[in-house]
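Read the structure below first, then the notes.
Each value in this text was obtained by applying a stated rule to the coordinates, not by laboratory testing. These numbers come from a predicted model, not from an experiment. We place every Cβ from the backbone using ideal geometry, glycine too, and count neighbours over all the protein chains shown.
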Amino acid sequence: MIRVEFDFKKPWRVVIYARMSTDRQNPRSPDQQIATIKETMKRIGVRWTIVVIYRDEGISGRYTRKRPQFQKMLRELKGGSVKADLILVDTFERLSRANGGAELRGKLQRMGVLVLTADSGFTDPTTTAGQALTMVESIRSTEDGRIKAHNVLRGKRDSIRFGHWPGGSPPLGYRLKNVMVTKNGIEEIDHRVLEPDPENRWLIEELFRVADEKGWGTSRLAGMLNQDPRIPDGLKPFHPATVGWWLDSEIYYGELVWGKHCTGIVDDVRVLKPMPESEWERFPNFCEPLVSREVWNRVQALRDARRERTAAAHAAKATDRSQIVGLNAPGIALKYPLTGLVRCRHCGRSMTPSSSPVYTTISGEERRYVAYLCSGFAGGICSNGTRISEPWLRDIVMKLVRQRLFFED
C-alpha cells in the first residue's frame, strides 16, 4: 500500500464532493455542504487549494456507477488529469452509503488520496484515532440508511392501516384525492386516498372483462389496448408484463397487499426480491373496487392454468437433448444459435424463434416451421410482423462466418 503521510500545515491540493439524494430534498443542500467545507477549512486555518468541485444531485449514495460526477472524479484522479491529495466531503454519507464504503475509502488511499470529512473537523485518517473514526463513519453511513428505511416503512405501514395511500403513483384506473385539515388556521394536506379515475377506470374494467370472457393472454390483451383508438397515445404502448401486473393486482377489487417484495441495491442495480406469502399483510376494503372479486378470481384461475402449461412446456424443453441445458446467453442456445442476436430493424427489440406445430410431409417425415419474429409484435408494440425463416437465416450467417474466418469463396 502507498503510505500517505498527512500534515495539516502542508499546502494540499483538494477536491470537494457534494451530493443530494433526491430532488425532493432542499435544493440548496449541495451548496450548503460546500459552504460548510469551506468554513471548516477557514476555521482550522489550513492553506489548501481547491482544485475542482464535483456535485451530484438527485442520486442515492447507495449507487456508485450511476453518479456521473462521482465517476468523473474517480476517473480524473486516477488518470492524473486532476492532481489532488484530498477529497473533502461534509459527512461520509455524502460520499457513500453503500456497504463497500470502507473498501472505496481504502481504494482511494491506495491511489494516494485521502478522504476527509468536515463534520469531524478533517480528522487525520492516518492516525490510530483517525482509523477508528473512519471505521465508525463507514458503519454509520450504512446503518443510518438502514434505520431511515425502517422508519419510512413503519410509517407507510401505519398510514395504510388508516386507509391512506402510502406514496408513489396511483395504479392505472385510480387517482389520488387530497384530504385536507386545518391546523393553526391554515388548511393543509393531511393525507391522500385512492379514488376511481373517471377518465380511465373504464380501461381496467374493459381489460378484466375481455380477459374473463375470452381468456386471452397478456400479449393479446396488450395488442388490443395498443390498437384501441379510445386510449390516448400518452398511455401507450402497453407491454404484456404490465398488463399481467394489472391482472394480478388485488387493488382492483379493493384490497391492498403490502410486503410482497423487498428491495435493495446490489452492484448498483436495484433488486426486487419476492417475499413469502406468509409475510404479506392484507388490508381489505382499502379503496373502492373497479372489478368484482368474482371476476378477479376467474381471471386468476385462467392465468394460473396458463402458467401451469408454460411451466410444463419449459420442463419438457429442459429434457430436450438437442441443446445444452443451462446455456441461455445470447447466441449460445445451440438448437437455434442466433437466439438473442437477431434484432428488429423497426424497434430494435430482440427477435425470438417461434415454432409451428409439428406437421407431417408427403414423404411421411415430421417437421416444424421455425421463424424469427419481433418480440414486440404480439403485444402490438411493434408493427413489424415479418417472419424470417430460421434455417435460411442460419445458413446465410454461417456462410458469412466461414467466409470471414477461412476466406472461403
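A few remarks follow.
- Whether the range 201-313 is rounded, prolate or oblate, judged on the alpha carbon gyration tensor where a/c under 1.5 counts as rounded: rounded
- Only Lys, Arg (+1) and Asp, Glu (-1) charged, at Cβ; the range 52-122 dipole about Cα centre in debye: 380
- For the range 152-163, the Karplus equation 6.51 cos²θ - 1.76 cosθ + 1.60, evaluated at θ = phi - 60°, returns couplings of 5, 5, 4, x, 5, 4, 5, 5, 5, 4, 9, x Hz by residue, with Gly and Pro reported as x.
- Put a plus charge on the Cβ of each Lys and Arg, a minus charge on the Cβ of each Asp and Glu, and nothing anywhere else: the dipole of the chain about its Cα centre is then about 1360 debye.
- Stretched out straight at 0.36 nm per residue, the stretch from Arg307 to Arg394 would grow longer than its current Cα-Cα span by 28.2 nm.
- Across the range 275-286, rounded Karplus estimates of 3J(HN,Hα) from the backbone phi angles (6.51 cos²θ - 1.76 cosθ + 1.60, θ = phi - 60°) give 9, x, 4, 5, 9, 6, 10, 10, 10, x, 6, 6 Hz, Gly and Pro being marked x.
- Signed unit charges on C-beta, dipole axis of the chain, positive-most listed residue Pro229, Leu194, Ser383: Ser383
- Once semi-axes √(5λ) of the Cα gyration tensor in Å is calculated for the structure shown, the corresponding label among (1) 35, 27, 21; (2) 51, 36, 19; (3) 50, 26, 16 turns out to be (2).
- For the chain, share of DSSP beta bridges that run antiparallel, in % to the nearest 5: 65
- Sequence-distant residues sharing a close amide H with Ala18 (under 5 Å, placed H): Tyr54, Arg55, Asp56
- With Cα atoms, 0 to 90° folded angle of helix 201-214 axis to the chain main axis: 40
- Folded to 0 to 90 degrees: helix 29-44 orientation relative to the chain principal axis, Cα: 20
- Take 88-95, 388-395, 219-226 and order them by the average number of nearby Cβ atoms within 10 Å per residue, most first; the result is 88-95, 219-226, 388-395.
- Highest-first arrangement of 42-48, 181-187, where packing means the average Cβ count within 10 Å: 42-48, 181-187
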